[in-house]
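No value in this document is a laboratory result; all are computed from the given coordinates. Here the structure is a predicted model, which means the values were calculated and not measured. Glycine also receives a Cβ, built like all others from the backbone with ideal geometry; neighbour counts cover every protein chain displayed.
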Amino acid sequence: MKSVEWGRFLTEQRARYGKSVFSVAELANVADVSPTVINVQLGRLVRQGVIRRWAPGRYGLPEGVTAEELAHAIDGDAYVTGSYALARHGFITQQPREIDCFTRRRHNRSRRRSTPLGALVFICVSPRIHARPADDSMAPPEQALFDLVYMLRRGGFDPRSVYTFRGLDRLTIPAAVRSRYPQSVQRVVESLVASEP
């Protein structure tokens, strides 16, 4: 396939199916070539700016890929949560350096993946805690707050000493979300929400 055809294919896939990130195997199938040949083509396309390498073995359009799309492309079970989700929803003032992703799978080779969007950190949690949003987006703010407190408590940190929260009094936490977490996490979240002015 020529560069123009690749650009057209990627744009069409995003418009029709909402798919922005592809594995090397998927792209080799589209071009009907071996993985070795596609790797050479991908190197050329990256240099031309037609395609971008978003993570090892994952390619897509040069612009417009979100952290949640990339996390889902790397691990279909993962979803973006924690401080990154809270910052995007406007509930913490700091911009996190890492993008926390909860999954039920262990990433034995590397749970931390460097990407142009920032470092994706895949955290394996129990099925009880794991609750990927149905639309493959990032966690809603209530769930992201519980996930953040859960992670920080596992590391022995107090959330107030790490982040500056704002607007938590606007959150309405459903019982279904609250019940998935340990009592200690529930108490910390209740304290954070109650301490908001």
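Over segment 68-194, what is the relative contact order in percent, taking alpha-carbon pairs closer than 8 angstrom and at least six residues apart? Please report the intermediate quantities before stating the final value.
Working: 185 pairs, mean separation 34.0, N = 127.
This gives 27 percent for segment 68-194.
Where both residues lie in the chain, what percent of DSSP beta bridges are antiparallel, nearest 5? Counting DSSP beta bridges with both partners in the chain, the antiparallel share is about 70 percent.
Applying 1/(1 + (r/R0)^6) with R0 = 45 Å to the Cβ-Cβ distance of S184 and V46 gives a FRET efficiency near 0.45. Working note: Karplus 6.51/-1.76/1.60 with θ = phi - 60° gives segment 74-88 the couplings 6, 9, x, 9, 8, 9, 7, 8, x, 5, 5, 5, 5, 5, 5 Hz, where Gly and Pro are set to x.
Compared with the alpha-carbon gap, the fully stretched path from K19 to S137 is longer by 41.2 nm at 0.36 nm per residue. Between R8 and E98, the FRET efficiency from the beta-carbon distance, with R0 = 25 Å, is close to 0.10.
With a Förster radius of 22 Å, plug the Cβ-Cβ distance of S126 and S195 into 1/(1 + (r/R0)^6) and report the FRET value to the nearest 0.05. Spell out each step's value before the answer.
Values: r = 28 Å, r/R0 = 1.28.
Given R0 = 22 Å and the Cβ-Cβ separation, E is 0.20.
Cβ crowding within 10 Å ranks I74, I129, I99 as I129, I74, I99, fewest other Cβ atoms first.
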